[in-house]
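Below is one structure, written out as structure tokens; the observations come after it.
The values are calculated or read from the model by the stated rules, or taken from the named source; none is laboratory data. The structure displayed is predicted, hence computed values, not measured ones. Cβ placement follows ideal geometry from the backbone for every residue including glycine, while neighbour counts extend to all protein chains displayed.
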Amino acid sequence: VRTLSGGESQRIRLATQIGTQLVGVLYIMDEPSIGLHQRDNERLIKALQHLRDIGNSVIVVEHDKDMILHADHVLDIGPGAGIHGGHIVAEGTPDAIFNSGSLTSQYLSGQRHIELRKKKRAGEGTELVLKGAKGHNLKNVTVKFPLGKLIAVTGVSGSGKSSLIHDTLYPILNQHFFNAHREPLAYGSLEGLELIDKVIEVDQSPIGRTPRSNPATYTGVFTEIRQLFAEMAEAKIRGYGPGRFSFNVKGGRCETCEGAGIRTIEMNFLPDVHVPCETCKGRRYNRETLEVRFKGKSITDVLDMTVEKAVDFFEFQPRILRKIKTLADVGLGYLTLGQQATTLSGGEAQRVKLATELSKKDTGKTFYILDEPTTGLHFEDIRHLADVLHKLADKGNTVLIIEHNLDLIKVADHVIDIGPEGGAGGGTIVAQGTPEQVAKSGKGHTSRFLAEELKTSKYG
């Protein structure tokens, strides 16, 4: 099971349900198109339509354009995310949604779109060359990764994309730079290691597994905020240092909940229940700490602020502003600084990590790897993500994405298509070059879908 790709596991679960031939069942699926190539997506839509036709109801939470257009009834929730959402902004047939004016409808109808770049990046003129990759279904593949560009690795589900990048290239780089223990799959050699100075994999795993982790602590901006509060006159009079404003150490925090703001009640044989702390009412700190204020706001008030508000609030604090501004730039303006990491979606966690990378002073020689970064993202979120990836590549870094989403593939500088099929029928390089060159090649399944996408795309 461990060797199955994400798209393959997803379809095995679906095949199990279709095979039962039940009727009168309500199926609820959350993003069934995750990890699927457009070719596989067409098959998935037919399978879901078959479930409907034999007498079942199918509810799908989905961002995929084709899936939305094939639905009988669409519910569009918004208008924005987080505190800006929670309303039904449109409902009806896909045709009815087109005329609603909602953000989703604007992307479906082509009023809004992710624009192509007129000029591709020239890159550094150097490349990383992986020779003789033969793990899993890879057939002694030699691949050239041009440095200083946005590279998209494409191919049908199970074609060998993750085997090549996640299980071969990344472990080699990780061992070289960080002495990691994970062994790569079989390969011959890797040339050009001296041309990059580190590798970073930005995945959708949580930024923290406890409610104590939040965007402010992960990005490091909370350290700067605590320092700022410690410099207030009231704090100096009382002898408070930055540690006083931490909810992880004794001193300034509420000791009843130990700075968590919530109490965890363990329920035997049931999930734990989280309730607000009865002493601090969820504010995390004791009364004395909360009496120190900056511009009339306590440390808890700052943690409860959305990123959008915090950008205005800290406009004259450059060290703090730089880190908060990058969170807003990646489209996370609706999150609160102190939002518990456990409540963030995979896409949100990934963008918090990207924002952290963007706020660092980098060398321009970093190799970033992202596996399906568009998972769970709306069209507007994908536009934000594309902007962030372009910013990283514009600094001279190399950004490599394993991706099925055509909106992101079409804005890449270089595409490497692996296939032509999944499993034993894959593991070779079908086409490579700019998105336009791959589309014109006519080889493999990606070229057909990419050619159709490029026909309707506009240049920015």
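General observations
- Residue match in segment 181-190 (condition: in the same structural domain as Ile402 (by TED's automatic domain parsing), basic (Lys, Arg) and not in a strand (DSSP E or B)): yes
- Every listed requirement among (1) over 24 Å from Glu124 (Cβ atoms); (2) surrounded by 15 or more Cβ atoms within 10 Å (Cβ to Cβ); (3) touching a strand residue (DSSP E or B) at 6+ places or on another chain (Cβ under 7 Å) is met by Ser157 save one, (3).
- Scanning segment 295-313 for residues that are surrounded by fewer than 18 Cβ atoms within 10 Å (Cβ to Cβ), of a type in the set (Gly, Ala, Ser) and under 16 Å from Ala328 (Cα atoms) yields nothing.
- Scanning segment 91-107 for residues that are surrounded by 13 or more Cβ atoms within 10 Å (Cβ to Cβ) and either over 26 Å from the mean Cα position of the chain (by Cα) or modelled with pLDDT under 90 (or both) returns Glu91, Gly92, Pro94, Ala96, Ile97, Phe98, Ser100, Gly101.
- Any hit, segment 329-346, residues being touching a Leu at 6+ places or on another chain (Cβ under 6 Å), surrounded by 21 or more Cβ atoms within 10 Å (Cβ to Cβ), assigned by TED's automatic domain parsing to the domain that holds Leu408 and closer than 28 Å to Gly460 by Cα: no
- Considering residues of segment 267-285 that are surrounded by 12 or more Cβ atoms within 10 Å (Cβ to Cβ) and touching a strand residue (DSSP E or B) at 6+ places or on another chain (Cβ under 7 Å) only, the residue modelled with the lowest pLDDT: His274
- Scanning segment 69-105 for residues that are among the aliphatic types (A, V, I, L, M) and without any contact (Cβ under 8 Å) to a residue 40 or more places away in the chain turns up Leu69, Ala71, Val74, Leu75, Ile77, Ile88, Val89, Ala90, Ala96, Ile97.
- Any hit, segment 13-33, residues being exposed (fewer than 15 other Cβ atoms within 10 Å of the Cβ), within 24 Å of the chain's Cα centre (by Cα) and free of Cβ contacts under 8 Å to residues at least 12 places away in the same chain: yes
- Meets criteria (touching a residue at least 12 places away in the same chain (Cβ under 8 Å) and under 30 Å from Gly135 (Cα atoms)) for Ala186: yes
- Residue in segment 222-242 that is among the small types (Gly, Ala, Ser), over 27 Å from Ala341 (Cβ atoms) and not in a helix (DSSP H, G or I) present: yes
- Qualifying residues in segment 191-215 (those that are in contact with a Ser or Thr (Cβ under 9 Å, 6 or more places away or on another chain) and not in a loop (DSSP other than H, G, I, E, B)) - the one farthest from Val302 (Cα to Cα): Leu195
- Qualifying residue in segment 362-376 (condition: among the charged types (D, E, K, R), surrounded by fewer than 22 Cβ atoms within 10 Å (Cβ to Cβ) and not assigned by TED's automatic domain parsing to the domain that holds Leu147): no
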